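Data first, discussion second: the structure below is written as structure tokens.
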2 protein chains.
Amino acid sequence: MDAGMGPPPVTGAARRDSTASILAAAERIFSRRGFEGARMADIAAEAGLPKANLHYYFGTKDRLYRAVLEDIIRQWLDTAAHWIVPERAPAEALAGYVRAKLADARIRPGASRIFAGEVLRGAPLLMPFLVDELRRRVAAMAAVIEGWAARGLMDGVAPAHLFFCIWAMTQTYADFDVQVRAVLGPEAGEDSVFAAAEATVTRLVLRGCGVRDSVTEMS
Amino acid sequence: MDAGMGPPPVTGAARRDSTASILAAAERIFSRRGFEGARMADIAAEAGLPKANLHYYFGTKDRLYRAVLEDIIRQWLDTAAHWIVPERAPAEALAGYVRAKLADARIRPGASRIFAGEVLRGAPLLMPFLVDELRRRVAAMAAVIEGWAARGLMDGVAPAHLFFCIWAMTQTYADFDVQVRAVLGPEAGEDSVFAAAEATVTRLVLRGCGVRDSVTEMS
DNA sequence: ACCGAATCTGACCGAATGGTCAAGATTCCC
DNA sequence: GGGAATCTTGACCATTCGGTCAGATTCGGT
């Protein structure tokens, strides 16, 4: 992440507003069209600014994309670090993590979609992050899981795969939202969809891991 | 699916070879670059044919993409129709379906990635399919699940969401293969990765659904 | 009020890309 | 064997798109 620097390295006032609205617009456009499909002109229009303005602040399309990604990664890691800690009980931690990830998927689906698109393409930009930071984080989280298993609080499952599954199930509600809506039909409201999603995912995770003291005995 | 027709509506001999290698090349290129990112010239090079040849057989990039997608959808539906049937026991059906989907993800990851990319973009081409065919299929599969639940063979879970979760978990091993490999490291071989994946996903699904007579009592 | 720095913007490129075409090569069928 | 349909291909084009730039315009400090 972070390569070189844009035009002026100083801080400004209007800078904040412009960059913020550009980033927001970029997240919206990139999330639906992907990096290649997104047009700088469209992002500019979405942000209500002339195209040259984007280049003034971010230099190139590539750097703008990186900036968006960086923001996404930060939140991604924060959520995990908040929930998957040894102090919590497995039931609370895993259910909380699932709930938080689903909330992200609902509130900020574009972020999840951009991340997905990046990894789909082979993670040309994120590869260093995946191999270094993410790998370390997962190792740490795996240790937490194994600690719980060792204390008899849950079954022994392959920790990394458990996380792959949790990420897949939760993020699918952002990445494949169109499919979810199409299948469930228009009569299914957002609230009920996400309520059912949380119940289902939580159930699969908690029961699948044999978590004792299952908070969600039924749903 | 299927819109209009290519240049000549007749059958040919060399036609088969060329179209086949073009489709294979297209699947490889589209799967990593997405529709917008894929270059007709690259697909041509991958297929070992001049670019004009692709246009001779498929007319436009759009029609070539549709042809690839159509093929993918067919397999997608076949697998589901094969496993999720009332005659089978839930344990066998669900485990078999998971195994088959994971095999697809391993053997033909490009197909899954193309499908994912299409849905990520809002399914501009697949929307009709999602709303009509897929919705009907899921309704049928949901009826099977509910039948099993009614017979006391498994718990009552929201069937559509169960499938969303199964698709997410299995396809993530194709779509996010790069992330999986990066996190698990190079020392993890294909075989062991997919073995662990199958064990984990199957466990989450079967235990999560409270399937009786669980074939996989432990792993 | 004044001045330099920061910000903004319309007009303008060059490269890349999907698509075309007409002429040449090959295959098929009688 | 011969002619027509099918197939192949290099050269070419129009458009689109990321990026540039020089000239306004506004902002911040004194």
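On the stretch given as segment B:37-62, residues that are within 8 Å of DNA strand C (Cβ to nearest atom) and open to solvent by 30 Å² or more (accessible area, probe 1.4 Å) total 10.
None of B:100, B:47 is at pLDDT 95 or above and over 17 Å from the mean Cα position of the chain (by Cα) except B:47.
Restricting attention to segment A:149-163, the residues that are out of contact with any Phe, Trp or Tyr (no Cβ under 7 Å at 6 or more places or on another chain), not in a helix (DSSP H, G or I) and not β-branched (Val, Ile, Thr) total 6. Within segment B:57-77, not a single residue is within 11 Å of DNA strand D (Cβ to nearest atom), under 21 Å from residue B:175 (Cβ atoms), within 14 Å of chain A (Cβ to nearest Cβ) and in a helix (DSSP H, G or I).
Being hydrophobic (A, V, I, L, M, F, W, C), surrounded by fewer than 18 Cβ atoms within 10 Å (Cβ to Cβ) and farther than 15 Å from residue B:171 by Cα is a property that does not hold for residue A:158. Checking each residue in segment B:157-189 for being of a type outside the set (A, V, I, L, M, F, W, C), over 14 Å from residue B:104 (Cα atoms) and either more than 8 Å from every other protein chain (Cβ to nearest Cβ) or within 19 Å of the chain's Cα centre (by Cα) (or both) picks out B:159, B:161, B:179, B:181, B:186, B:187, B:189.
Residue A:153 meets the conditions (1) more than 7 Å from chain B (Cβ to nearest Cβ); (2) open to solvent by less than 10 Å² (accessible area, probe 1.4 Å); (3) among the aliphatic types (A, V, I, L, M) in every case but one. The failed one is (2). Residue-level check: of (1) farther than 17 Å from residue B:88 by Cβ; (2) open to solvent by less than 20 Å² (accessible area, probe 1.4 Å); (3) more than 9 Å from every other protein chain (Cβ to nearest Cβ), residue B:145 misses just (1).
On inspection, residue B:100 fails the criterion of being out of contact with any Lys or Arg (no Cβ under 7 Å at 6 or more places or on another chain) and surrounded by 20 or more Cβ atoms within 10 Å (Cβ to Cβ).
The residues in segment A:37-56 that are within 14 Å of chain B (Cβ to nearest Cβ) and either near DNA strand D (Cβ under 8 Å from one of its atoms) or farther than 23 Å from residue B:33 by Cα (or both) can be counted, and the count is 4.
Taking residue A:193 as the residue in question, decide whether it is in a helix (DSSP H, G or I), buried (at least 21 other Cβ atoms within 10 Å of the Cβ) and of a type outside the set (Lys, Arg). Considered against the rule, which asks whether it is in a helix (DSSP H, G or I), buried (at least 21 other Cβ atoms within 10 Å of the Cβ) and of a type outside the set (Lys, Arg), residue A:193 comes out as no. Take the conditions (1) touching a helix residue (DSSP H, G or I) at 6+ places or on another chain (Cβ under 6 Å); (2) at pLDDT 95 or above; residue B:156 misses just one of them, which is (2). Only one entry in B:124, B:109, B:128, B:186 is open to solvent by 40 Å² or more (accessible area, probe 1.4 Å), within 26 Å of residue A:138 (Cβ to Cβ) and not β-branched (Val, Ile, Thr), namely B:186. The residues of segment A:16-41 that are assigned to a helix (DSSP H, G or I) and within 22 Å of residue B:30 (Cβ to Cβ), listed by number, are A:29, A:30, A:31, A:32, A:33, A:34, A:35, A:36, A:37.
The values are calculated or read from the model by the stated rules, or taken from the named source; none is laboratory data. Quick caveat, the model's predicted, so the values are computed rather than measured. Positions of Cβ are backbone-derived with ideal geometry, glycine not excepted, and every protein chain shown enters the neighbour counts. Calculation scope for accessible area: heavy atoms of the full protein, side chains included, ligands and nucleic acids excluded. Shrake-Rupley method; radii C 1.70, N 1.55, O 1.52, S 1.80 Å.
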